[in-house]
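J.: Okay, handing you the structure first.
The values are calculated or read from the model by the stated rules, or taken from the named source; none is laboratory data. In this text, all values refer to a predicted model and were calculated from it rather than measured experimentally. Here Cβ is always computed from backbone atoms with ideal geometry, including for glycine, and neighbour counts include all displayed protein chains.
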């Protein structure tokens, strides 16, 4: 039996509690030891995950319907090991600024344990519990700067996401009343021939909308740029690179249980609109962190498009979505941490006032360029694999496939906007970057290179298909066409126009955001009505 899921959840939580109780700067070093302990646990249980298969760890003596069940397979194991690299990098990066703060590492490590709970849980009640705890912890970390903008964004985040998770709780109670269990396997058996039942459809819709709020799907996305742009850079990196995926992973689990193939095209459409929305608002930004935050919304849309094909478990779309969750996590954490170093030295978030980064901060500039080229979807680099696999499921649907290419083009335009910070202009004197920041960025870059090579050399692992034909002439032809088109579009529609200034200032009020949540529910219910 593999106890890895239990260790993955409990180790960071136990270390977090010890750090909080010690309340001593030296005790904060335990944050690094916690990552080492997680790595040792991962290595210890590695032989269990060489063959493909699933393991279940049952906790409790209340019968199958009420026991806590944790699932473990190659995919969850991989997420566990990758979380060690990502959290270690964030802890290392933030060490010079937070090493005196025991509460910071308490919340950060506790959040890691909760995330691993979301990954490994196999019952709906504990999925609800872990996501609710993650919401509270994330909100506290957003507020951690203790200034006006972060306080407002943190409260907005907690209240709006709590409203979303209440929908999940309502669906949860209805599901238990209908099936008598919250165990995902038992629920799947009970619902196997009930895909047309109105109650099942309503439960499915409530749960999906709840996860949509958590991962900032259109039209319930507004909390994400507010929160991620004002939090400290290390927290923005964790939220945007990792925690925003908790809703996507929840959606993945929900779609595995509910027999709702009729919603396939809905999720393709939803993902596409989410991606285009993120790009539309992101391209207009002059704030470097808001640009990266809107880019996260766009990539969430890509992942949702891939998950739309979950009715076919071996689909390349599902593989693309699962792979892109990891790839985007590494790349977005790298970019947010790099942006944090830039903002700290330039004393501004304004892209138009940041120039000469490659000359003044060579290491930060180099890894940022590498990350930007990767996340753009350059063939042979990490961001390409997941995107190209998602594209394969759209080739037979011309409208969606056209939208896929528009999203790829928009991604290049958005990150082309970010590339302007490397133009040498003004003072080119060197700026200091701490050894901790350089090490953290170096570890992330090494991880990205490793994943990139791994996905090129081993195109199949753990039931996932990595190979997206990065060496093909077609892949490079499309990419060059995107580059040329992006160049002319940027010249034709300057971002300094009054239109983009109006877009940049657009914000949904809290009341309007809640109306959008109701609209989201209504649209999903309407989709189920036969024509």
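J.: Take region 500-511 and flag every residue that is surrounded by 12 or more Cβ atoms within 10 Å (Cβ to Cβ) and more than 24 Å from the chain's Cα centre (by Cα).
T.: Within region 500-511, 500, 501, 503 meet the criteria.
J.: A further question on this structure: Condition first: surrounded by 24 or more Cβ atoms within 10 Å (Cβ to Cβ) and in contact with a strand residue (DSSP E or B) (Cβ under 6 Å, 6 or more places away or on another chain). Can you find one or more residues in region 307-320 that meet it?
T.: Checked region 307-320: at least one residue is surrounded by 24 or more Cβ atoms within 10 Å (Cβ to Cβ) and in contact with a strand residue (DSSP E or B) (Cβ under 6 Å, 6 or more places away or on another chain).
J.: Taking only region 1-31 into account, find how many residues are surrounded by fewer than 17 Cβ atoms within 10 Å (Cβ to Cβ), touching a residue at least 24 places away in the same chain (Cβ under 8 Å) and under 14 Å from residue 102 (Cβ atoms).
T.: Result for region 1-31: 7.
J.: In region 392-425, what count of residues is obtained for those that are touching a helix residue (DSSP H, G or I) at 6+ places or on another chain (Cβ under 6 Å) and free of Cβ contacts under 8 Å to residues at least 40 places away in the same chain?
T.: 1
J.: So which residues in region 426-438 are out of contact with any helix residue (DSSP H, G or I) (no Cβ under 8 Å at 6 or more places or on another chain) and modelled with pLDDT under 90?
T.: If the condition is that a residue be out of contact with any helix residue (DSSP H, G or I) (no Cβ under 8 Å at 6 or more places or on another chain) and modelled with pLDDT under 90, then 426 is the only one that fits.
J.: Working only within region 348-365, note down all residues that are within 15 Å of residue 429 (Cα to Cα) and assigned to a loop (DSSP other than H, G, I, E, B).
T.: Selection gives 354, 355, 356, 361.
J.: Any residue in region 217-231 that is crowded, with 21+ Cβ neighbours inside 10 Å, closer than 23 Å to residue 319 by Cβ, modelled with pLDDT under 95 and in contact with a helix residue (DSSP H, G or I) (Cβ under 8 Å, 6 or more places away or on another chain)?
T.: Within region 217-231 (the criterion being crowded, with 21+ Cβ neighbours inside 10 Å, closer than 23 Å to residue 319 by Cβ, modelled with pLDDT under 95 and in contact with a helix residue (DSSP H, G or I) (Cβ under 8 Å, 6 or more places away or on another chain)), the answer is yes, since at least one residue qualifies.
J.: Here is a further query. Any residue at all in region 265-282 that is closer than 16 Å to residue 156 by Cβ and either in a helix (DSSP H, G or I) or in contact with a helix residue (DSSP H, G or I) (Cβ under 7 Å, 6 or more places away or on another chain) (or both)?
T.: no
J.: Please find, among 201, 170, 242, the residue that is modelled with pLDDT under 95, in a helix (DSSP H, G or I) and over 30 Å from residue 55 (Cβ atoms).
T.: 201
J.: Kindly check whether there is at least one residue in region 427-438 that is surrounded by fewer than 20 Cβ atoms within 10 Å (Cβ to Cβ), outside any loop (DSSP other than H, G, I, E, B) and in contact (Cβ under 8 Å) with a residue 24 or more places away in the chain.
T.: Checking region 427-438: at least one residue is surrounded by fewer than 20 Cβ atoms within 10 Å (Cβ to Cβ), outside any loop (DSSP other than H, G, I, E, B) and in contact (Cβ under 8 Å) with a residue 24 or more places away in the chain.
J.: Right, here's the next one. For region 200-240, give me each residue that is farther than 15 Å from residue 278 by Cα and in contact with a strand residue (DSSP E or B) (Cβ under 9 Å, 6 or more places away or on another chain).
T.: Passing the criteria: none in range.
J.: Hey, among the residues in region 493-516 that are in contact with a helix residue (DSSP H, G or I) (Cβ under 7 Å, 6 or more places away or on another chain) and at pLDDT 90 or above, which one's farthest from residue 225 (Cα to Cα)?
T.: Looking at the filtered set, the residue picked out is 514.
J.: Take residue 455 and decide whether it is out of contact with any strand residue (DSSP E or B) (no Cβ under 7 Å at 6 or more places or on another chain), in a helix (DSSP H, G or I), at pLDDT below 90 and closer than 24 Å to residue 269 by Cβ.
T.: In short, no.
J.: Does at least one position in region 197-211 carry a residue that is out of contact with any helix residue (DSSP H, G or I) (no Cβ under 9 Å at 6 or more places or on another chain) and more than 24 Å from residue 85 (Cα to Cα)?
T.: yes
J.: Using beta carbons and a limit of 6 Å, which pairs, at least six apart or on different chains, have the first residue in region 488-504 and touching a residue at least 40 places away in the same chain (Cβ under 8 Å) and the second one in a loop (DSSP other than H, G, I, E, B)?
T.: Note: pairs meeting the criteria are 500/284; 503/284; 504/284.
J.: Okay, moving on. Grab the helices (runs of 4 or more DSSP H) fully contained in region 67-161, keeping just those with 3 or more residues being over 29 Å from residue 171 (Cα atoms).
T.: Those helices (runs of 4 or more DSSP H) span 74-98, 102-120.
J.: Name the single residue, out of those in region 1-38 being out of contact with any strand residue (DSSP E or B) (no Cβ under 6 Å at 6 or more places or on another chain) and in a loop (DSSP other than H, G, I, E, B), that is farthest from residue 89 (Cα to Cα).
T.: In this case the residue turns out to be 1.
J.: With the structure loaded, tell me whether residue 345 is surrounded by fewer than 22 Cβ atoms within 10 Å (Cβ to Cβ) and in contact with a strand residue (DSSP E or B) (Cβ under 8 Å, 6 or more places away or on another chain) or whether it fails that test.
T.: Taking the combined requirement at face value, the residue does not satisfy it.
J.: Moving on to the next point. Being over 28 Å from residue 434 (Cα atoms), surrounded by fewer than 23 Cβ atoms within 10 Å (Cβ to Cβ) and modelled with pLDDT of 95 or more is true for just one of 115, 107, 130. Which residue is that?
T.: It is 130.
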